[in-house]
Amino acid sequence: MAEPIAFVSRSAQTERDNWLKVLSENLGDEKIIDFNDLKPDDYGAIELAIVANPDPDQLKKLKNLKWIQSLWAGVERMVKELPENAPPIVRLIDPALTEAMAEAVLAWTLYLTRDMPRYHRQQQKRLWQPHSYKPASQWKIGLLGLGQLGKAAAKLLTLTGFQVNGWSKSQKTLDNVTCSSGSTGFMRLIETSDIVVLLIPLTNETTGLLGKNEFAHMKKGASLINFSRGPVIDTDALVDALNKHELDHAVLDVFDQEPLPPDSPLWQNENITVLPHISAPTNKESAAKIVAKNIAHWRKTGNLPPVVNRMRGY
Ligand code: NAP
């Protein structure tokens, strides 16, 4: 029998219990133990930790850890909190989550292109006023990030008829998508897009990627969807650009501080749609199956799935 696997998470007890149940059901003979139920004498035997928002101090106690399997797709917080010589991190790459994100990008893009925030405001004022309709083919959507999530979103948007421009660190070639990289490509994308969608990881390079200068370069009346991480945009500069009507609307699913504090002015801003980090939630069942596959492969071959590049930060 293989050594047990530690489950390390800062989530509430019920959430941890739910994870342990679904992981145990899907991981065959593997024994998974909540870190809190391990005795210090057990720490040395643990070679693998499955984590969901883990406490870095708990992970550091597992001195013989060979790798860390995240149950989340975004591993920004862990990358920031763990030392560079920490064991390799494998993030969750789950087609179910990718589909959910692509669907969310399409949904909130349509929310903006079909003027839903405006009709909602009109309804509150009992105002019957149609506005002109612009079909999908006349909208330019700019995607910042063309990774697992960005590529799937680009595909769904093009299938729906939108013009799609995408930007990534390395140059990509995607069907029906105008791809770019580098600072010239970035400026061209933000200057020409009607809606800019953020699907880029939070790293040293992408912190504050969109601020006062970038908002000033966006098309007048353009909108923004942030499904990445809060600090990728300068929120004060965004609010300023919205209040001055330089930008039209922002759909924000992620924030500098989550949950968004009740006294945040973002809640009351009619040009902002606040979402509670729901664009692509992890599906426990499908995540557990993917994790089980990764672990079975490692047990059989000793090889890890692709790991997070700590130098790059994602
Ligand atoms: P991924 O596969 O690693 O893709 C990241 C993309 O961003 C890649 O195209 C990468 O370029 C590009 N990129 C990274 N740094 C860049 C830079 N400095 N300049 C230009 N492009 C850069 O990640 P993913 O799975 O698509 O996820 C992206 C992010 O979505 C996550 O990190 C997380 O923040 C967020 N997320 C949010 C939710 C939610 O519910 N809101 C859920 C899951 C994930 P290359 O292709 O050249 O590497």
What about LEU110, is it modelled with pLDDT of 95 or more, out of contact with any Ser or Thr (no Cβ under 6 Å at 6 or more places or on another chain) and surrounded by fewer than 17 Cβ atoms within 10 Å (Cβ to Cβ)? yes
Can you tell me which residue within the stretch 1-18, out of those that are under 26 Å from PRO281 (Cα atoms) and in a loop (DSSP other than H, G, I, E, B), is farthest from the chain's Cα centre (by Cα)? ALA12
In the stretch 251-277, anything more than 14 Å from the ligand (Cβ to nearest atom) and touching a helix residue (DSSP H, G or I) at 6+ places or on another chain (Cβ under 8 Å) is listed as GLN257, PRO265, LEU266, ASN269, GLU270, ASN271, ILE272
Among (1) in contact with a Lys or Arg (Cβ under 6 Å, 6 or more places away or on another chain); (2) within 13 Å of the ligand (Cβ to nearest atom), there is one condition ALA237 misses while meeting the rest; what is its number? (2)
Can you tell me which residue in the stretch 76-106 is surrounded by the fewest Cβ atoms within 10 Å (Cβ to Cβ), limited to those that are within 17 Å of ASN294 (Cα to Cα) and touching a strand residue (DSSP E or B) at 6+ places or on another chain (Cβ under 7 Å)? PRO88
Only one of (1) among the charged types (D, E, K, R); (2) modelled with pLDDT of 95 or more; (3) out of contact with any strand residue (DSSP E or B) (no Cβ under 7 Å at 6 or more places or on another chain) does not apply to LYS66, and that is (3)
How many residues does the stretch 293-312 hold that are surrounded by 17 or more Cβ atoms within 10 Å (Cβ to Cβ) and either within 14 Å of the ligand (Cβ to nearest atom) or more than 23 Å from VAL79 (Cβ to Cβ) (or both)? 2
The residue from LYS293, LYS244 that alone is at pLDDT 95 or above, out of contact with any strand residue (DSSP E or B) (no Cβ under 9 Å at 6 or more places or on another chain) and not assigned by TED's automatic domain parsing to the domain that holds LEU23 is LYS244
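The values are calculated or read from the model by the stated rules, or taken from the named source; none is laboratory data. Quick caveat, the model's predicted, so the values are computed rather than measured. Ideal geometry is used to build each Cβ from the backbone, glycine not excepted, and the neighbour counts take in all protein chains shown.
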